[in-house]
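**Q** One structure follows; several queries about it will come next.
The numbers here are math on the coordinates, done by the rules we state, and not lab data. Being a predicted model, the structure only gives us computed values, none of them experimental. Note that we place each Cβ from the backbone using ideal geometry, even for glycine, and neighbour counts take in every protein chain shown.
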Amino acid sequence: MEHRLRKMMWMKDKKEINAGDYSTNINADGDVYLFLQNTVPTELVDQKVEELVELIRKARFFSEFDHISESLHLGERLVNGDLAIGSNKARNIGLAWCARLLARSDHIDRAEKWLGLAKSLGNNSEITIAEAFLTSQEGNKSSALQKLSAIETPASRSAALMVTFHHEGAEGALRWLVDTGYTIDCLDSDGKSFLLSHQLELGYWREAAETVDSIAVP
């Protein structure tokens, strides 16, 4: 019997999947991911990985969003689940983000393991940033900032702002931004959102207004 399933199906609640004569029927609760390796185009899997990474990246600043659980779930799918058939590049970036977001959690071992796997799949700035967060978590702020300064991109500068905040608090992070000579425009959208939240927290209204104007610029 040769049966090919050419679609990935995401299904909620208890479902029965009838595959037809001479095939397998499945009863399952919760989410179901069905695929046969080499039958799903890699491009579709990569697109799904990119969507999930983007969702976690944007939603992680909202307190009601459990980015730890979502990162663990995504990482498992990238390593052992339906997303493991994605390209090295997509899995590399996805695992780097999972490692980064788990760096400040009780799952540091998982973060280190997945970062190592990400490195085996290739090298990019996301890996360096994730590694900096893990280094920061070990208490080595200067080494973490040094890693980030070697990249010198809006994303790495935003990460450096977050690392400084972790060690020195909101006022220390804003002071670091001034001391380094960086402006709002030196940060990416994540960094600007992070900066704005803490400017508002400290009551820096003029600075917050400038940040809002920067974010509003298309």
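**Q** Which pairs, out of K48/K141; K113/K147; K89/K192; K89/K141; K89/K147, put more than 25 Å between their alpha-carbon atoms?
**A** Working: K48/K141 34 Å; K113/K147 19 Å; K89/K192 27 Å; K89/K141 29 Å; K89/K147 21 Å.
Distance filter (> 25 Å) returns K48/K141; K89/K192; K89/K141.
**Q** Further question: Provide the net charge surrounding G172, with neighbours chosen by a C-beta distance below 12 Å and charges set as Lys +1, Arg +1, Asp -1, Glu -1. List each step's numbers first, then the result.
**A** Working: positive: K141, R175; negative: E168, E171, D179.
My count for the surroundings of G172 gives -1.
**Q** Next question, about the same structure. Show me, bin by bin at 5 Å from 0, the whole-percent P(r) of region 152-218 based on Cα pairs.
**A** 4, 19, 33, 29, 13, 3, 0
**Q** Based on the Cβ-Cβ distance of W205 and Q47, what FRET efficiency does E = 1/(1 + (r/R0)^6) give at R0 = 30 Å, to the nearest 0.05? Mind dumping the intermediate values first?
**A** Numbers: r = 41 Å, r/R0 = 1.38.
Approximately 0.15, to the nearest 0.05.
**Q** Tell me the net charge near A216. Cut-off is 13 Å between Cβ atoms, A216 excluded, with +1 for each Lys or Arg and -1 for each Asp or Glu. Don't skip to the answer; put the middle values down first.
**A** Details: positive: K192; negative: D185, E210, D213.
So the surrounding residues net to -2.
**Q** Size of the dipole of region 121-218 about the Cα centre, Lys and Arg at +1 and Asp and Glu at -1 on the beta carbon, nothing else charged, in debye to 20?
**A** 120 debye
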